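Written out below as structure tokens is the structure these notes cover.
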Amino acid sequence: MQLAGTTALLTGASGGIGQAIARALHGRGARVLLSGRRTEALEEVRRELGGNAEVLEADLAEPAGAATLAQRAGVVDVLVANAGLPASGRLERFTQEEIDRALDVNLRAPIQLSRALVPGMVERGSGHLVFVSSLSGKAAAARSALYSATKFGLRGFASGLHQDLHDRGVGVTVVFPSFIREAGMFADTGVKLPAWVGTRSPDDVARAVVRGIETGKAEIDVAPLSLRLGALASGLAPETSARVQRRLGSQGIARSISREQREKR
Ligand SMILES: NC(=O)c1ccc[n+]([C@@H]2O[C@H](COP(=O)([O-])OP(=O)(O)OC[C@H]3O[C@@H](n4cnc5c(N)ncnc54)[C@H](OP(=O)(O)O)[C@@H]3O)[C@@H](O)[C@H]2O)c1
């Protein structure tokens, strides 16, 4: 699908990765509907883009948040479901409300937005859905049980949807970023990774989103080879992979990251 002349609804447009995705979609000629809760940050992105962009405030943790957003968006050709909470930390340290919010924003909202927007896409015989998951949606790590539950869930949802929509003109792509530098929920922690753990940039994620839409590719990793191989190994031999992760010091890194991300619950 070509983006020029389309309308793209982007959630999480006020965040580190969302802003890069907004620029990339807009740069390809799409009209971008920028969604999030922080209207000031969204207005700043809109001003930077110039014309052909609008702000749609929405709280996706609210029961009717996703459905209302879809209704206000009108005709949408491309959905980029990017909003997300880090939901890191040991499960017993979450309140029930925090668990619900993570499930709502990371998983329920993308499903509900798809439910609302897919019929129009099918009717027009064209459209594309992009879900921003995470490498944690392929391989779980310490202190990421809840986050991984939502990100594995997104992968399963998108994979099933891809099969249901393959002959109806609507594409589905899941993007799996690993640690993203410069901006976003990992960069915001300020945690330093060991030298052997590579990172990717928000622009790399944005390029993957555009590639998914333009080529129809079902799944795209945005991660260095070592982490992609690690995720593959985790699928094949989860216990051995978890042991290796522990030996490489993953627990300490996860502890530092989740400590810094507490305020985003
Ligand atoms: N950064 C990384 O290293 C990394 C790695 C893998 C995957 N990811 C995924 O990439 C996506 C973007 O993350 P990011 O790094 O850009 O994080 P971020 O900077 O923290 O941005 C998160 C975005 O989600 C939105 N959001 C949070 N709660 C919301 C709610 N209740 N209703 C509506 N929107 C809400 C925020 O908007 P408001 O605050 O304006 O509501 C913000 O735009 C997420 O799905 C994340 O899981 C990130």
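The values are calculated or read from the model by the stated rules, or taken from the named source; none is laboratory data. Computed from a prediction, not measured in an experiment: that's the story for all the values here. Counting neighbours? That spans all protein chains shown, and the Cβs are built from the backbone with ideal geometry, glycine included.
Quick check on G51: is it of a type in the set (G, A, S), at negative phi and modelled with pLDDT under 95? Criteria met by G51.
To keep it simple, each residue is scored yes or no on (1) within 22 Å of F157 (Cβ to Cβ); (2) assigned to a helix (DSSP H, G or I); (3) modelled with pLDDT of 95 or more.
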residue: R207; (1), (2), (3): no, yes, yes
residue: R211; (1), (2), (3): yes, yes, yes
residue: I220; (1), (2), (3): yes, no, yes
residue: L229; (1), (2), (3): no, yes, yes
residue: L232; (1), (2), (3): yes, yes, yes
residue: R246; (1), (2), (3): no, yes, no
residue: Q251; (1), (2), (3): no, yes, no
residue: A254; (1), (2), (3): no, yes, yes
residue: S258; (1), (2), (3): no, yes, yes
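Kindly indicate whether V191 is away from the ligand (no atom under 12 Å from the Cβ), of a type in the set (A, V, I, L, M) and surrounded by 15 or more Cβ atoms within 10 Å (Cβ to Cβ). Against the criterion (away from the ligand (no atom under 12 Å from the Cβ), of a type in the set (A, V, I, L, M) and surrounded by 15 or more Cβ atoms within 10 Å (Cβ to Cβ)), V191 does not qualify.
Has region 68-79 got any residue that is of a type in the set (G, A, S), crowded, with 24+ Cβ neighbours inside 10 Å and at negative phi? Within region 68-79 (the criterion being of a type in the set (G, A, S), crowded, with 24+ Cβ neighbours inside 10 Å and at negative phi), the answer is no, since none of the residues qualifies. Collect the residues in region 76-89 that are more than 20 Å from S133 (Cα to Cα) and of a type outside the set (V, I, T), keeping them in residue-number order. Answer for region 76-89, where residues must be more than 20 Å from S133 (Cα to Cα) and of a type outside the set (V, I, T): just D77. If you go through region 112-154 and pick out every residue that is farther than 19 Å from A233 by Cα, part of a helix (DSSP H, G or I) and near the ligand (Cβ under 9 Å from one of its atoms), you end up with 3.
For (1) away from the ligand (no atom under 14 Å from the Cβ); (2) under 12 Å from L146 (Cα atoms); (3) not polar (S, T, N, Q), each residue gets a yes or a no:
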{"position": "L60", "(1), (2), (3)": "no, no, yes"}
{"position": "V78", "(1), (2), (3)": "yes, no, yes"}
{"position": "A81", "(1), (2), (3)": "no, no, yes"}
{"position": "P86", "(1), (2), (3)": "no, yes, yes"}
{"position": "L91", "(1), (2), (3)": "yes, yes, yes"}
{"position": "E98", "(1), (2), (3)": "no, yes, yes"}
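Across region 35-58, the qualifying residues are those that are of a type in the set (A, V, I, L, M) and near the ligand (Cβ under 9 Å from one of its atoms), and the one among them that is nearest to A102 (Cα to Cα) is A58.
Does any residue of region 178-187 turn out to be within 16 Å of the ligand (Cβ to nearest atom), surrounded by fewer than 19 Cβ atoms within 10 Å (Cβ to Cβ) and free of Cβ contacts under 8 Å to residues at least 24 places away in the same chain? Yes, because at least one residue in region 178-187 is within 16 Å of the ligand (Cβ to nearest atom), surrounded by fewer than 19 Cβ atoms within 10 Å (Cβ to Cβ) and free of Cβ contacts under 8 Å to residues at least 24 places away in the same chain. Of all residues in region 155-194, those being over 23 Å from I17 (Cα atoms) and assigned to a loop (DSSP other than H, G, I, E, B) number 4.
Looking at A66, A102, A70, A109, which one is within 22 Å of A254 (Cα to Cα), assigned to a helix (DSSP H, G or I) and at pLDDT 95 or above? Unique residue meeting the criteria: A102.
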